[in-house]
1. In the structure displayed, which of K28/K166; K91/K125; K28/K89; K91/K189; K91/K124; K91/K137 lie more than 18 Å apart, Cα to Cα?
2. Neighbouring Cβ atoms within 10 Å as the yardstick, rank H156, H66 fewest first.
3. With a point put 7 Å past each Cα toward its Cβ, work out how far V176 is from D135 in nm, to one decimal.
4. For the range 84-189, run through the chymotrypsin sites (Phe, Trp or Tyr not before Pro) and keep only the ones in DSSP coil with at most 10 other Cβ atoms within 10 Å of their Cβ.
5. Quick check on the range 85-158: what are the equivalent-ellipsoid semi-axes from the Cα gyration tensor, as sqrt(5λ), descending, whole Å?
6. Modelled label-to-label distance, E123 and K28, 7 Å Cα→beta-carbon offset: nm?
7. Semi-axes, largest first, in whole Å: what does sqrt of 5 times each Cα gyration tensor eigenvalue give for the chain?
8. For the pair K166 and L106, what calculated FRET efficiency results from E = 1/(1 + (r/R0)^6), where r is the Cβ-Cβ distance and R0 = 41 Å, to the nearest 0.05?
Amino acid sequence: MSALFLLLLVVGLTASAQNAPEVLRPPKGSQVAIVVFEDLQCPDCRRAAPLLAEAGRTYKIPVVRHDFPLPMHNWSMQAAVFARYFDTKSKTVGNEFRDYIFEHQLEINPDNLRSFAEKFAGEKKVDLPFVVDPDGKLAALINADKNLGTSIGLNHTPTIYVVSNKPSGKPFVEVVDRSQLYQLIDSMK
């Protein structure tokens, strides 16, 4: 009976890994990754961002960022649109903008967000058009991320996962205690 139980457990865990939502899997070519849903106006997201970046560098694993602007934040959606615009120049520039916004988050308000984006664009030698998202394509990408997060039950930011493509065991784990991040990454390898 115990051999049958063990077989069912292994099959169940393998099926669990195969049935993980695509968003909770590492990018192709990666064994492990960090996936985060963030809001650029969220103070806790600002505090988490440097830790996630450092963990990514330390373990040489990708940090996959998703937009999840919360309705109570009055400039987070527009900041995400700017970030998506910079993503069109390069994903690196887009992520640098996100980090720049986190760095200056306490100084930003709806009236001066554009000037922060313009300053960043100037430093990166990127033209920032007067109307950044005239056809709403960037906002649609943000809303797709938000819908994706909602579909897996997100309701707060940051929501951080360590994800793995190992064939057995749990394919993802939510990071509830950030002091445990490195241990969770080690356990998912």
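1. Beyond 18 Å: K28/K89; K91/K189.
2. Starting with the residue having the fewest Cβ neighbours, the order is H156, H66.
3. So the two model labels end up 4.5 nm from each other.
4. Answer in residue order: F130.
5. Listed largest to smallest, the semi-axes of the range 85-158 are 23, 16, 12 Å.
6. 3.4
7. Result for the chain: semi-axes of 35, 16, 15 Å.
8. 0.55
Every number in this text was worked out from the coordinates using simple rules, so none of it is lab data. It should be emphasised that the depicted structure is a prediction, and the values quoted were computed from it without experimental measurement. Every residue, glycine as well, gets a Cβ built from its backbone with ideal geometry; the counts of neighbours run over all protein chains shown.
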